[in-house]
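Encoded as structure tokens, the structure appears first; notes follow it.
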Amino acid sequence: MELQILVSKKGTKVVTASNLHLALGLPNKHYTINVKRWLNDVYEFRDGIRKPELLKDYARRNPRENVMEDFYLSVELAKLITLNSKSKVKQKFATWLLNLEDQVENAELLTTDQVLAVLELAKVMGLVSCQTACEHQHLETYEERNGGSAANWWNFRSSILGYSTEKLKEAMQKVGKKADGKSQRQMLMQVDKYEMVRTAVIDLFMALGKTERYAKNLGNLAKAFARELNVEIFDDRDTPPAFIPRLNPELVNEVKNLRKGRYLQLWESQKMAS
């Protein structure tokens with residue numbers, strides 16, 4: 001019996017409890033008892049040790065389509081259930097679900113809306129005001145996680161971004177340009193301006209609480225879009241430049257204020273559609 005992955009109305013990858021029960025080779029007569037236990041047990045989720053939550057980890061399946069009660073389960077919950085089961089084939093399915101979960105968690109599987117939002121982010125991150133706002137928001141998140149301390153902030157951020165002031169100075173020397181007195185942003189303009197877009201997107205998603213790998217994957221995607229679109233960098237912090245391309249004002253506002261509106265809410269923990 002194969003395990004089938006379905007896609008909910010919200011674009012979330014799910015499996016059904018009935019299909020999981022069959023795939024694990026568990027006795028049919030124990031289905032009702034097992035499912036009840038699955039949904040009331042305690043598991044070690046990514047966000048902590050807790051019970052499954054309705055519309056976050058599972059949702060009821062339309063009873064009119066099924067004779068027996070059934071549920072949609074998130075990939076993470078399905079994996080945890082599988083690991084805790086007594087099935088003889090649990091290693092096979094747990095490994096497969098773990099790989100799928102890892103793809104979802106690390107931005108290797110994105111919805112169409114999310115891809116389009118990253119495309120829009122690549123454009124608005126051409127504004128230095130958006131870049132600096134994301135950096136400040138990332139710093140605030142870092143301080144919250146470290147008891148209000150900003151110690152080691154620059155080293156931490158450099159390790160994520162993959163460059164430091166010293167590395168940028170070396171890059172400037174290689175292209176025959178002087179680095180004295182220049183900020184990182186000024187040096188990036190000379191070395192690789194699209195890296196500023198990547199940096200801003202990484203800062204944004206780190207501020208939103210995403211993992212380093214997830215943030216870097218989205219940053220890399222945004223940089224690729226920026227290069228393809230020939231995104232220009234505009235320093236609009238003091239006096240707006242004479243010419244700025246038409247940008248999405250709604251997304252600019254969300255980015256500058258870290259407000260989850262129509263775009264950034266696409267990265268909230270998705271609720272499952274029943």
From the coordinates shown, P(r) over Cα pairs in 10 Å bins from 0, in percent corresponds to which of (1) 7, 33, 38, 19, 2; (2) 6, 25, 27, 19, 14, 7, 2, 0; (3) 7, 30, 38, 21, 4, 0: (2)
Kirkwood-based Rg to Rh ratio, the range 112-267, C-alpha trace: 0.96
Is the range 6-105 rounded, prolate or oblate when judged by the Cα gyration tensor, a ≥ b ≥ c being the square roots of its eigenvalues, rounded requiring a/c under 1.5 and prolate requiring a/b larger than b/c? rounded
Could you size up the charge dipole of the range 112-267 around its Cα centre, putting +1 on the beta carbon of Lys and Arg and -1 on that of Asp and Glu, and report it in debye to the nearest 20? 320 debye
Ellipticity estimate at 222 nm from DSSP helix runs (n ≥ 4, -39,500 (n - 2.57)) divided over the chain, nearest 500: -16000 deg cm²/dmol
Please order Thr111, Thr199 by the number of other Cβ within 10 Å, starting at the fewest. Thr111, Thr199
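Just so you know, all these numbers are worked out from the coordinates, no wet-lab data involved. All values derive from a computational prediction rather than experimental measurement. All Cβ positions, glycine included, derive from the backbone under ideal geometry; neighbour counts span all protein chains shown.
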